[in-house]
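Enquirer: The following block contains the structure, expressed as structure tokens.
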Amino acid sequence: MASGQLARELMYYGVSAICLATTGSWQEGLRVCTSFIQDHQYEILDERMAIFAENNPID
């Protein structure tokens, strides 16, 4: 999955990300912001990422 597609898919799980290409990088990848996540929200993030992994298996 290309970084743009991955960023879009992550939005459905409440994860904000930008493609590294938009920052001038030549690398394929994302930058994800977690600075506003409070300690009690990490469990929710773990649950969402588990669902994301189920819905988007690596080939």
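The values are calculated or read from the model by the stated rules, or taken from the named source; none is laboratory data. Model, not experiment: these values are computed from the prediction. Glycine also receives a Cβ, built like all others from the backbone with ideal geometry; neighbour counts cover every protein chain displayed. Side chains are part of the model used for accessible areas, which takes the heavy atoms of the whole protein and leaves out ligands, DNA and RNA. Shrake-Rupley method; radii C 1.70, N 1.55, O 1.52, S 1.80 Å.
Enquirer: Could you list, in sequence order, the residues of the stretch 26-39 that are under 19 Å from Met49 (Cβ atoms) and free of Cβ contacts under 8 Å to residues at least 24 places away in the same chain? Give the derivation first.
Expert: Step one: filter the stretch 26-39 for residues under 19 Å from Met49 (Cβ atoms), giving 29-39.
The answer is Arg31, Val32, Cys33, Thr34, Ser35, Phe36, Ile37, Gln38, Asp39.
Enquirer: When you scan the stretch 19-33, do you find a residue that is assigned to a strand (DSSP E or B) and open to solvent by less than 60 Å² (accessible area, probe 1.4 Å), even just one? If you could, list the steps in order and put the result at the bottom.
Expert: Initially, the stretch 19-33 is screened for residues assigned to a strand (DSSP E or B), giving 19, 30-32.
Then keep just the ones that are open to solvent by less than 60 Å² (accessible area, probe 1.4 Å); that gives 19, 30.
Scanning the stretch 19-33, I find at least one residue that is assigned to a strand (DSSP E or B) and open to solvent by less than 60 Å² (accessible area, probe 1.4 Å), so the answer is yes.
Enquirer: With the checklist (1) open to solvent by 90 Å² or more (accessible area, probe 1.4 Å); (2) in contact (Cβ under 8 Å) with a residue 40 or more places away in the chain in hand, flag the one item Glu43 doesn't pass.
Expert: Going through (1) open to solvent by 90 Å² or more (accessible area, probe 1.4 Å); (2) in contact (Cβ under 8 Å) with a residue 40 or more places away in the chain one by one, Glu43 breaks only (2).
Enquirer: Could you check the stretch 1-10 and list, in sequence order, the residues that are of a type in the set (A, V, I, L, M) and either in a helix (DSSP H, G or I) or open to solvent by 70 Å² or more (accessible area, probe 1.4 Å) (or both)? Explain how you work it out, then say what you get.
Expert: At the first step, the residues of the stretch 1-10 found to be of a type in the set (A, V, I, L, M) are 1-2, 6-7, 10.
Once the filter is applied, which keeps residues that are of a type in the set (A, V, I, L, M) and either in a helix (DSSP H, G or I) or open to solvent by 70 Å² or more (accessible area, probe 1.4 Å) (or both), the stretch 1-10 yields Met1, Leu6, Ala7, Leu10.
Enquirer: State which residue pairs qualify: first residue within 16 Å of Ala53 (Cβ to Cβ) and without any contact (Cβ under 8 Å) to a residue 60 or more places away in the chain and inside the stretch 1-25, second residue surrounded by 11 or more Cβ atoms within 10 Å (Cβ to Cβ) and of a type in the set (Phe, Trp, Tyr) in any location, beta carbons under 9 Å apart, and separation of 6 or more residues or different chains.
Expert: What qualifies is Glu9/Phe52; Leu10/Phe52; Tyr12/Phe52; Tyr13/Phe52; Val15/Phe52.
Enquirer: Considering only the stretch 11-18, I want to know if a residue exists there that is part of a helix (DSSP H, G or I) and modelled with pLDDT under 95. So that I can check it myself, show each step before the final result.
Expert: Pass one, the stretch 11-18, residues part of a helix (DSSP H, G or I): 11.
From what's left, modelled with pLDDT under 95: 11.
Yes, some residue in the stretch 11-18 is part of a helix (DSSP H, G or I) and modelled with pLDDT under 95.
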